[in-house]
Amino acid sequence: MKLTKEQYDIINSTGNIKINAVAGSGKTTTVIEYAKARPKNSKILYLAFNKSVKLEAVKKFREKGLSNVIVETAHSLAYKNIVFKHNFKVRNQGFRTYEVAELLNLQGNGEKHTKYIIANHIKKFTAYFCNSNKTKIKDLNYLDIVSDSKAKTFVTTFYNYIERQTRLLLSKMDKGEIEITHNFYLKKFQLSNPKLNFDYILFDEGQDASPAMLDIFLKQKATKVIVGDTHQQIYGWRHAVNSLEKTDFKTYHLSTSFRFSQDIANLAMKILNWKNILDDYEPLFITGKGENKEHKVKAVLARTNLGLLLKAIEYVTEKKKTKPIYFEGNINSYAYADEGASLYDILHLYNKKNRLIKDKLIKKMKDLDELEDYIEKTEDMQLALMIEIVREYGNELPNIIKKIKSKHIENDEKEKAEIIFSTVHRCKGMEYDAIQLVNDFITEEKLEKLKEDKKSGDINISKINEEINLLYVAVTRTKNSIHIPQTLIPKDFPKSAQIHVMPVESEEEKYKRIILENTTNKLTKQKAYSIKEIRKKHDSAYKPWTTELDDELTVMYCEGINVRDLSKHFGRTKGAIRSRIKKLELEELYG
């Protein structure tokens, strides 16, 4: 590949620099060429964001014969220097809420589940501290990262107890009384003020570094290069900070994308310009020079697990002949929360079959309303998403998940998939020939409404900007074309042969979009409605079935009319149609 002037300027630079690189601009190629241009006897450390990026980088540096480059992640460095030296035992999945409650012998106040809500906040406070650059717990105010009003009230009431128990949990890990977490050994590494013996340190994906990672990097004597894309910061919920904005190094840019065309670049720029609606934003210019014409690798990308699963369910239940599909990451992870609760646990709670629930925390709940109260006080959005899926599909879920899994192929056969499903977080760094976006991203209309509410002072600009970044990351995964919902297209955006605007949504699609928007509201800490409130506004989808309607449904079902058309005809969701078909036993009688 012929290098651009921007790339040559970076390769020939001296001193500490930062590189702001747009999606698909060849930053890995640039970093490799930078390393090649350094003296042969220099020692170079390349810091990758995660293990998969590390393995890919090892391969690329090896292919170029750069044996003087060591590739690590911040965590792998910390592991070698902390875990090995102190013989700690690491807990890979972290502690679950109920485990924290048991380990610390937490006491509630007599109200239901108080000790579990406290345990949840202790876990989050621990992660907040371990990812920070602070030396003591008291240097942080945990309330700074609590947004929901109910959660804030709860934490304020129990703050001293939560802080004290957070210290105790960290102390138990430090003494080796319990297993340590990945966050903990990284923090211990940062607090040890390590000296890394390298001449050059290249820090990739800098926009997603935690303050702890950044602190380790900045304290080194080596010549430092930090690379990333300001607008690809999407890990704020993991306490990431935009390191490119936190460093005062000389700035270089990679503004030409070799992945996609100028039409896609224009769409990406327009979406980023939405940041102007709520705050000052300096426009970014992207030159698109991609010339890919293939349509072999197609992907459906969503903001949330809920949006992705709804689309996957639609795909496998409505297409008569579905070909193999693939989910980025482990397919099971889409049906499980980080803590281990599964969709099946939520379904058993929904059916009041608590004896079948495996997760200890969910088993303690009486019903979904009680779980929702827990969610409001802990801001556990993964559980909130699971509840929405269970309420939409109910007892059809096991068969639907089973059908999805039957169509799923393994990692080594990924290229055989007709379509790939992924959330934006899981496909970061990936690229596909063509993509379709699920309608669960933030919209220009939503931002305009937030602008009207800005006077209230409750809007978190950084969280909203991260939502815009998620849509930018999504559209820049394509090498060729995009199928995008009309609601996500910027106003007055010109027509393009590569950008296919999906037609105006049906009533059912509109209902689902509102459910997904409501989920986004919860994620961005904006006003959200309960499912009951939403259904009141869309009661036509929940009006009672009459004998006449049942007869009409039976006749149309026997005529072979599919669920989508039945949904349009009756003005109900596909989930409601499927539930009625099951209740009337039409599959058994006429299937």
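No value in this document is a laboratory result; all are computed from the given coordinates. Note that the coordinates shown come from a computational prediction; the quantities given were computed from them, not determined experimentally. No Cβ is skipped: glycine too gets one built from the backbone with ideal geometry, and neighbour counts run over all protein chains shown.
What share of all Cα pairs of region 264-309, in percent, falls into each consecutive 5 Å distance bin?
Binned Cα distances yield the sequence 4, 16, 14, 16, 20, 17, 11, 2.
Can you flag which of 364/449; 219/446; 150/449; 150/582 are past 30 Å Cα-Cα?
From 364/449; 219/446; 150/449; 150/582, over 30 Å: 364/449; 219/446; 150/582.
Applying 1/(1 + (r/R0)^6) with R0 = 56 Å to the Cβ-Cβ distance of residue 91 and residue 555, what FRET efficiency is obtained, to the nearest 0.05?
Calculated value: 0.45.
Projected area of region 143-294, taken from the Cα convex hull and averaged over every viewing direction, in nm²?
14.3
With each label point set 7 Å from Cα along the Cα-Cβ vector, what nm distance links residue 29 and residue 249?
2.1
Pull up all non-local amide H partners of residue 439: gap of 5 or more, or a different chain, and H-to-H distance under 5 Å with H placed in the peptide plane.
Amide H neighbours of residue 439: none.
For the chain, what does the relative contact order come out to in percent, with C-alpha contacts under 8 Å and a separation of six or more?
16
Where the centroid of each part is defined by its Cα atoms, how far is region 118-186 from region 221-237 in Å?
Here the two parts' Cα centres lie 25 Å apart.
Give me the percent of DSSP beta bridges within the chain that run antiparallel, rounded to the nearest 5.
10
For the charge dipole of region 183-286, defined by +1 on Lys and Arg C-beta atoms and -1 on Asp and Glu C-beta atoms about the Cα centroid, which residue among 225, 254, 265 has the Cα displaced farthest towards the positive pole?
Farthest towards the positive pole: 225.
For region 1-133, calculate the relative contact order in percent as a whole number, restricting contacts to Cα pairs under 8 Å that are 6 or more residues apart.
15
Report, to the nearest 10°, how far helix 305-318 tilts away from the longest principal axis of the Cα atoms in the chain, using its own Cα long axis and a range of 0 to 90°.
Helix 305-318 and the main axis of the chain meet at about 50 degrees.
Count charges around residue 432 for me, please; just the other residues with Cβ under 13 Å from its Cβ, Lys/Arg as +1, Asp/Glu as -1. Mind dumping the intermediate values first?
Details: positive: 259, 296, 298, 414, 426, 428, 477, 479; negative: 294, 328, 415, 418, 431, 433.
Value of the local net charge: +2.
Mind checking the full-extension length gain between residue 369 and residue 281? Use 0.36 nm per residue of separation minus the Cα-Cα distance, one decimal, nm.
On the way: separation 88, 0.36 × 88 = 31.68 nm, distance 4.15 nm.
Taking residue 369 through residue 281 to full extension adds about 27.5 nm, to one decimal.
Quick one: putting +1 on the C-beta of Lys and Arg, -1 on the C-beta of Asp and Glu, what dipole do you get for region 130-209 around its Cα centre, in Debye to the nearest 20?
Result for region 130-209 is approximately 520 debye, rounded to the nearest 20.
What residues qualify as long-range amide H neighbours of residue 502, i.e. H under 5 Å apart, gap of 5 or more or another chain, H built at 1.01 Å from N?
Those qualifying (amide H under 5 Å, at least 5 residues apart or on another chain) are 484, 486.
Report the dimensions of region 140-203 along its three principal axes from the alpha-carbon atoms, largest first, rounded to Å.
Principal axes ranked by extent give 50, 31, 15 Å for the Cα atoms.
How far is helix 507-523 tilted, in degrees, relative to the longest principal axis of the Cα atoms in the chain, given as a value from 0 to 90 rounded to the nearest 10?
40
Inverting the mean 1/r over all pairs of different Cα atoms, compute the Kirkwood radius of region 11-59 and quote it in Å.
Evaluated over region 11-59, this radius sits at 12.3 Å.
Kirkwood hydrodynamic radius, computed over distinct alpha-carbon pairs, for region 13-123: how many Å, to one decimal?
Working: mean 1/r = 0.0555 Å⁻¹.
Its Kirkwood hydrodynamic radius stands at 18.0 Å.
Could you pull the Rg and Dmax for the chain, using just the Cα atoms, both in Å?
25.4, 84
With the dipole of region 392-470 worked out from charges on the C-beta (+1 for Lys and Arg, -1 for Asp and Glu) around the Cα centre, which of 420, 393, 435 lies farthest toward the positive end?
It is 393, whose Cα lies furthest towards the positive end.
Shape call for region 52-180 from the C-alpha gyration tensor, a ≥ b ≥ c root eigenvalues: rounded (a/c under 1.5), prolate (a/b greater than b/c) or oblate?
Verdict is prolate for region 52-180.
Could you check the simple spin-label distance between residue 547 and residue 585, using points 7 Å along Cα→Cβ, in nm with one decimal?
Modelled inter-label distance: 1.9 nm.
So for the pair residue 157, residue 564, with labels modelled 7 Å out along Cα→Cβ, what separation do we get in nm?
For residue 157 paired with residue 564, the spin-label model returns 4.9 nm.
Explain nothing, just the number: dipole magnitude of the chain about its Cα centre with +1 on each Lys and Arg Cβ and -1 on each Asp and Glu Cβ, in debye rounded to the nearest 20. Walk me through the intermediate numbers first.
Working: 101 positive and 81 negative charges, 404 e Å.
The calculated dipole for the chain is roughly 1940 debye.
Which one, 118, 312, 16, projects farthest toward the positive side of the charge dipole computed for the chain from Cβ point charges (K/R +1, D/E -1)?
In the chain, that residue is 16.
Helix 114-131: angle to the longest alpha-carbon principal axis of the chain, degrees 0 to 90, nearest 10?
The angle comes out at about 30 degrees.
At 20 °C and a viscosity of 1.002 mPa s, what translational diffusion coefficient does Stokes-Einstein give for region 291-400, taking Rh as the Kirkwood radius over Cα pairs? Give it in µm²/s as a whole number.
Working: Rh = 15.4 Å.
Translational diffusion coefficient: 139 µm²/s.
Sort region 226-369 into rounded, prolate or oblate with this rule: let a ≥ b ≥ c be the square roots of the eigenvalues of the Cα gyration tensor; rounded if a/c is under 1.5, and if a/c is not under 1.5, prolate when a/b is larger than b/c, oblate otherwise.
oblate
For region 203-253, rounded, prolate or oblate, judged on the Cα gyration tensor with a ≥ b ≥ c (square roots of eigenvalues), a/c < 1.5 rounded, else prolate if a/b > b/c? Don't skip to the answer; put the middle values down first.
On the way: a/c = 2.28, a/b = 1.27, b/c = 1.80.
Here region 203-253 falls in the oblate category.
Starting from the Cα of residue 358, draw a straight line to each of the aspartates and glutamates and keep only those under 13 Å, dropping any in the same chain fewer than 8 residues away.
List returned: 339, 345.
Taking the Cα centre of region 325-365 as origin, sum charge times position over the Cβ atoms of Lys and Arg (+1) and Asp and Glu (-1), and report the length of that vector in debye to the nearest 20.
Dipole magnitude for region 325-365 comes out near 460 debye.
So which of 363/568; 51/574; 5/414; 27/296; 402/574; 18/463 end up more than 29 Å apart, counting from Cα to Cα?
Among 363/568; 51/574; 5/414; 27/296; 402/574; 18/463, the Cα-Cα distance tops 29 Å for 363/568; 51/574; 5/414.
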